[in-house]
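The values are calculated or read from the model by the stated rules, or taken from the named source; none is laboratory data. Small disclaimer: the values here were computed from a predicted structure and weren't measured. All Cβ positions, even for glycine, are placed from backbone atoms using ideal geometry, and neighbour counts span all protein chains on display.
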Amino acid sequence: MIIITGAESSLGSEISKGSKQEIYNISGEIIRSGKKAIDKAIEKCARENVEISGVINNFGINHLSWIGQTEETDEEIIIVNSIAPYWVVNKMVDIGICPKGGKIINIASAAYRTPMRCTSLYCASKAALVQMTKVMARELSPKGWVANCIAPGFMPETRMAELTKIQVLKLREWTEEEAKNYENSLIPMGRPTSTKEVAEAVWKLWEMPDYVNGAVIDVMGGS
């Protein structure tokens, strides 16, 4: 069994389709509820007495805002995108849910290395997730764990992309065509990626040799 956070989301459901193992979903609602809810979900999974192979930390959120106009509630972006994945792995290691170690794939974003206006907290959260993954690899490798990151580019069919598009049009006063042309101009391949391509990359990384550890795989069309 593989634990996936946010398996009900657009990308999460596409990742789930490609799994050769049963999926245990920790919903976005649980992830947003904090450490106690996450711990309970992991403990419940452990009680099912099945072999756990690892976790794919997929769930994330975003909300655009100009610096100087950001609401206090936006701190949830940091909590959900970087702290929550840590609590998931922390609890799995704490209770020994994978006695011989397991695999961790954290879903980051192009934002981990590309500064994007109106996304300070999102960029910071994904950069933190990447560095956290490298620390996980360094610290947990002796216990048999393998931790890597997938960093996708823009995926138009996701719910997050749809919400972001609406905000972009409002904040920058662009037409949909202007926004699309600008986005594609930043990508050498001239098009965004898809949830299917990203899911395929996730499972290829999952099946890579264990010595591929602490890596960040960019799925950004050459960006």
Flag for Asn81 being in a strand (DSSP E or B) and either within 19 Å of Glu29 (Cα to Cα) or out of contact with any strand residue (DSSP E or B) (no Cβ under 9 Å at 6 or more places or on another chain) (or both): no
Ile107 closer than 21 Å to Ser125 by Cα, surrounded by fewer than 17 Cβ atoms within 10 Å (Cβ to Cβ) and hydrophobic (A, V, I, L, M, F, W, C): no
Within the range 1-22, tally of residues that are of a type in the set (A, V, I, L, M, F, W, C) and in a loop (DSSP other than H, G, I, E, B): 2
Residue match in the range 92-110 (condition: out of contact with any helix residue (DSSP H, G or I) (no Cβ under 8 Å at 6 or more places or on another chain), assigned to a loop (DSSP other than H, G, I, E, B), closer than 19 Å to Ile15 by Cα and at pLDDT 95 or above): no
Long-range neighbours under 9 Å by Cβ, at least six apart or interchain, first residue among the charged types (D, E, K, R) within the range 82-104, second assigned to a strand (DSSP E or B) and crowded, with 18+ Cβ neighbours inside 10 Å: Lys103/Ile2; Lys103/Gly54; Lys103/Val55; Lys103/Ile56; Lys103/Val146; Lys103/Ala147; Lys103/Asn148
Some residue of the range 159-168 being at pLDDT 70 or above, in a helix (DSSP H, G or I) and within 15 Å of the chain's Cα centre (by Cα): no
Pick from the range 35-80, criterion among the polar types (S, T, N, Q) and more than 17 Å from the chain's Cα centre (by Cα), ranking: modelled with the lowest pLDDT: Asn49
Output for the range 135-149, where each listed residue is outside any helix (DSSP H, G or I) and either within 16 Å of the chain's Cα centre (by Cα) or closer than 17 Å to Val216 by Cβ (or both): Trp145, Val146, Ala147, Asn148, Cys149
